[in-house]
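Values in this text are rule-based calculations from the coordinates and carry no lab data. None of these values were measured; they are calculated from a predicted model. Cβ coordinates were reconstructed from backbone atoms using ideal geometry, including for glycine residues, and neighbour counts include every protein chain displayed.
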Amino acid sequence: MLTVNAYAATSATEPLIPTTIQRRGLGPHDVLINIDYAGICHSDIHTVRGDWGRITYPQVVGHEIVGHVTEVGSAVSKHKVGDRVGVGCESGSCGSCEQCLKGEEVYCLKGNVQTYNGVDVDGSITQGGYSQAIVVNEDFVLRVPESLDIEKVAPLLCAGVTLYSPLKHWKAGPGTKVAIIGMGGLGHVGVKIAHALGAEVTVLSRTLSKQEDGLKLGADHYHATSDPATFEKLAGSFDLILNTVSAGLNYNQYVNLLAVDGTLVILGAPSEPVSVDAMSLVAARRSIAGSANGGIPVTQEMLDFCAEHNIVPEIELIKASQINEAYERVLASDVRYRFVIDAKTFA
């Protein structure tokens, strides 16, 4: 067992506090990672505040993890001491079901192991990346290309693959028109990736306050959804719409922006049921779909793609002592565009 410093939530209402946690001893296929940087995802906040159901406290969250290998188990073959590596939303799965065998561990039919608030192989509750070190099975450890700025990589392990996976699945590229709803932590990464894939990219944001950023990051067009004329002007325009916001939307408005055979993909899960006029789907063979982050193969593909195209998120680096302030700023949409914690400050 290894004792490491961390920041944990002790309840749904109290601030996160410094603490220590125990990491399990290395099994034959485990990798010990010294964490260098950990991203703050809105999912972390939802989890610790109980928005997605009861959790076991104390809970250390964080599933955007980048660091270096410091020790490997006796049977590890995929990584070695000193490697730059990352860990994302999942840190285990059954490995034998149809989805796992296809490299889609995120959709494991027996339930994957979440990097935090999951049940680990030893029966304990998994604790995430707001800490100094983590032990993970080698199959769920990603290689981080040397060309990527390690301070900025962490959000790619969640935000990056959450956008890359549907863009690849629905074949975004030259000749396709992609719209991204929301210009936040997810959306801004999606703009960069969709642009690099060669798609014509449009941002649909409530206001034009981030228009300059959106165009600079690769968007071809930027429209305010608070203007009713937007929905008239863009009707029937898009092959693919990615919704990155979890707030409730008038889905009928957005479905009507799809071209024939277009798909609207929900990435930011709303808390209320989605309602849509079936005729708006039937009339143009449109679809509504959902997508989680991505399995290990597509996550590695995403990291390599981002290295090839020099794509990293726009981040603000903070100390561990600033986590609670960062949470409040995320909730107030006061960050452009992701917070990353310098893990040296957990000491």
- Note on the structure: Sorted by chain and then number, the residues having a modelled amide H within less than 5 Å of the amide H of G92, at least 5 places away or on another chain, are V113
- Item | Under the Karplus curve 6.51 cos²θ - 1.76 cosθ + 1.60, θ = phi - 60°, whole-Hz ³J(HN,Hα) for segment 256-262, x wherever Gly or Pro sits | 5, 7, 7, 6, 4, 6, x
- Query: When every alpha-carbon pair in segment 152-206 is counted, what percent end up more than 18 Å apart?
  - Reply: 24 percent
- Message: What three numbers, in Å, describe the spread of the alpha carbons of segment 157-293 along their principal axes, ordered from the longest?
- Response: 36, 32, 30
- Note on the structure: Loop-resident trypsin sites (Lys or Arg not before Pro) in segment 138-226 with no more than 16 other Cβ atoms inside 10 Å, DSSP not H/G/I/E/B, are K171, R206
- Lysine pairs with alpha-carbon atoms under 19 Å apart, the chain, spacing 8 or more or separate chains: 17
- Message: Suppose a student asked you for the relative contact order of segment 273-347, using Cα pairs under 8 Å spaced at least 6 residues apart; what percent would you report?
- Response: 28 percent
- Note on the structure: Which residues qualify? For V119, with a placed amide H closer than 5 Å and at least 5 residues away or on another chain, they are Q114, T126
- Item | Stokes-Einstein diffusion coefficient of segment 1-43, Kirkwood radius over Cα pairs, 25 °C, 0.890 mPa s, in µm²/s | 193 µm²/s
- Query: Per the Kirkwood treatment, what hydrodynamic radius in Å, one decimal, follows for segment 1-141 from the mean inverse distance over all distinct Cα pairs?
  - Reply: 15.3 Å
- Message: Whole-Hz ³J(HN,Hα) for each residue in segment 205-221, computed from phi via Karplus 6.51 cos²θ - 1.76 cosθ + 1.60 with θ = phi - 60°, x for glycine and proline: what do you get?
- Response: 10, 4, 10, 9, 5, 10, 4, 4, 4, x, 5, 5, 7, x, 5, 8, 9
- Quick one: what are the phi-derived ³J(HN,Hα) couplings along segment 323-330, Karplus 6.51/-1.76/1.60 with θ = phi - 60°, whole Hz, x for glycine and proline? 4, 5, 5, 4, 4, 5, 6, 4
- Contact order relative to length for segment 159-290, counting C-alpha pairs under 8 Å separated by 6 or more residues, stands in percent at 20 percent
- Query: Taking the convex hull of the alpha carbon atoms in the chain, what volume per residue do you get, in Å³?
  - Reply: 130 Å³
- Message: I'd like the orientation of helix 296-309 relative to the chain: the angle between its Cα long axis and the longest Cα principal axis, in ° from 0 to 90, rounded to 10.
- Response: 70 degrees
- Task: Pairs of Cα atoms under 8 Å, at least six residues apart: use those to get the relative contact order of the chain, whole percent.
- Result: 18 percent
- When the dipole is taken about the Cα centre of the chain, and only Lys, Arg (+1) and Asp, Glu (-1) are charged at their Cβ, what size is it in debye, to the nearest 20? 220 debye
- Note on the structure: Between the alpha carbon centres of segment 269-323 and segment 75-91 the gap in Å comes to 23 Å
- Residues meeting the amide H criterion for G129 (H placed from the backbone, H to H distance under 5 Å, 5 or more places apart or on another chain) are G62, H63, E64
